[in-house]
Each structure stands twice: as structure tokens, then as C-alpha cells.
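Presented below is the structure to which this report refers.
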Amino acid sequence: MSRAARRRLKASSTASCSCRRRSGGRGPSCVADTIDKGAALLALGEAARAALPQGCVEAVEVERGAELVLRVRRDGLLEAMTLLRDGEGFAFEQLMDLCGTDWPERPERFDVVYNLLSLSLNQRVRVVVGTDAATPVPSVAAIWPVATWYEREAWDMYGIVFEGQTDLRRLLTDYGFEGHPLRKDFPLTGYVEVRYDEERKQVVYEPVKLTQDFRNFDFLSPWEAMTTLPGDEKVHLNRIEGPKAKGGEA
């Protein structure tokens, strides 16, 4: 082997060893990294609690070791959101999502969930506010204009009222729709059905008419439900007796 070939082989071998050494360090899935990140998020949440009036932040939680959650009072929501957007060390410039959740067994059955993102600091926070069907939640559209779309959706699906929202109209359902379909007490069939009337040449709404009662279906495959199939007995016999010898051999 020539000297040039030996030098090329040595160089490639050294690079491979260097890669192995670099990958042998502590990776992002390490337990220590998870603990460090959870502690940093908890410190961030406590800093937000300390910067706001007492009682504004009801709870600071770190879920699954990597998700900061702040539970905030309704009357302190706007102040908390302004701090999270403009405060030094927070810089949550973007409202990524706003949604609702329904817990019918609670006095305040709805949670309004805000997911915020800081691009400059590469961090996220989830802000949760509780309310009921009658108590409005302050609108954050003045802080993040994109919230108008999300608040309309939450009103349409859950009936959550947002105080200060000037465009609170239905978004996904029709204007004549009754109720809010994502509430857990909303019937699965709804209240009305829509069809096109050929005689009237228009779309009409009618009460729901089911051709049969609601049934619970067993979706188990008929092949999986059968324990034996025709011809299975031959397989079992062959397994017990063993394969037959060919050509009369013993």
C-alpha cells in the first residue's frame, strides 16, 4: 500500500473515531438534562408569579418535565399576558394557539388554554384560565390580534364568552346553528339535520330523524372472533402425528 493510501486511510479512521467520541456525550434524552430543564422552567414560572400581583398566578406546574403551565385568574389575565409578551426574560412574542376544554363536573367547567412561544429565547409556556358558561374571559386580541380567530372558534365550539371581543361570531358552524358542538353534554346526533329540498330549491333545516335507534357496534373482525376455521383439524393432526414419510420410508 502506498504512503498516500495509508494517509487517506488514517485520516478517515481518525474522523470516524472523533464522531464516536462526540456522540458518546450526554444527549438531550439524558435524565440530568430533563431535570435541569424542568428546574429552569419552574424558575421561569416563579419569576412570572413574583412579577405579577399576589394571587394573579394560582399555580405553577411543569408537566412531563418539559412543559411550563401557569394557571392564572381571570381578572389578572391581561396583566399576565402583557408581562409574558413584553417582560424581560419572557419575550413570548407569539400566541400559537388558543383552545377550550370542557369539564362538566366542575363548577367552572371550561378551561381556556393559551399556548405562547418565544422565538428569541426558544421557550414555551401554557397559560390556563378557568370560567363557566356565563362568566366572560377578557379578550387578548389587543395583545395578539391573531387571537380574534381563535376566540371566535372557542365561542362557536364551547360557548365561551370573551369580553372585549368585537367580532364574536360563529366560525365553523352555520349562523343558524343551535348549541355548541364540543360541549360534552351536546348530543351526538345534534338537534337539526340539513338537506337540499328539490321542490323549494334551497337548503332546509329539519329536526333529526334517525331511521334506527342508537346502537353499540362490536367492531371485532369475524375472522378474529372465530377460534377455529375449516381445515384447522388437519393442521393439528399433522402436528401431533408428525409429517408422513415419503416413498414408504419409515
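Worth pointing out:
- Compactness relative to 2.2 N^0.38 Å, alpha carbon Rg of segment 31-167: 1.03
- Computed lengthening from A40 to V128, 0.36 nm per intervening residue step minus Cα-Cα distance: 29.7 nm
- Under 14 Å from the Cα of K209 - aspartates and glutamates, other chains or at least 8 residues apart: E193
- J(HN,Hα) series, segment 102-117, from Karplus relation 6.51 cos²θ - 1.76 cosθ + 1.60, nearest Hz, glycine and proline x: 10, 10, x, 7, 8, x, 9, 6, 9, 10, 9, 10, 10, 10, 10, 10
- Each peptide in 36-43, 193-200 receives the mean, over its residues, of other Cβ atoms within 10 Å, and ordering these scores from highest gives 36-43, 193-200.
- Derived scalar couplings between HN and Hα for segment 200-206 equal 8, 6, 7, 7, 10, 9, 9 Hz in order, rounded to whole Hz, by the Karplus curve 6.51 cos²θ - 1.76 cosθ + 1.60 (θ = phi - 60°), x for Gly and Pro.
- Annotation: amide H-H contacts under 5 Å for E193 (H modelled 1.01 Å from N, sequence separation of 5 or more, or interchain): E206, V208.
- The solvent-accessible area of F90, taken with every protein chain present and a 1.4 Å probe, is close to 10 Å².
- Accessible area, probe 1.4 Å, largest first, for residues C56, C99: C99, C56
- Between E58 and R71, V72, R73, the built amide H atoms are under 5 Å apart, and every one of these is 5 or more places off in sequence or on another chain.
- Probe 1.4 Å - accessible area at D167, Å² to nearest ten: 50
The values are calculated or read from the model by the stated rules, or taken from the named source; none is laboratory data. Since the structure is predicted, the reported quantities are computational estimates derived from the model, not experimental observations. Here the Cβ is made from the backbone with ideal geometry for all residues, glycine too, and neighbour counts use every protein chain on show. These accessible areas exclude ligands, DNA and RNA; they are computed on the full protein's heavy atoms, side chains included. Shrake-Rupley method; radii C 1.70, N 1.55, O 1.52, S 1.80 Å.
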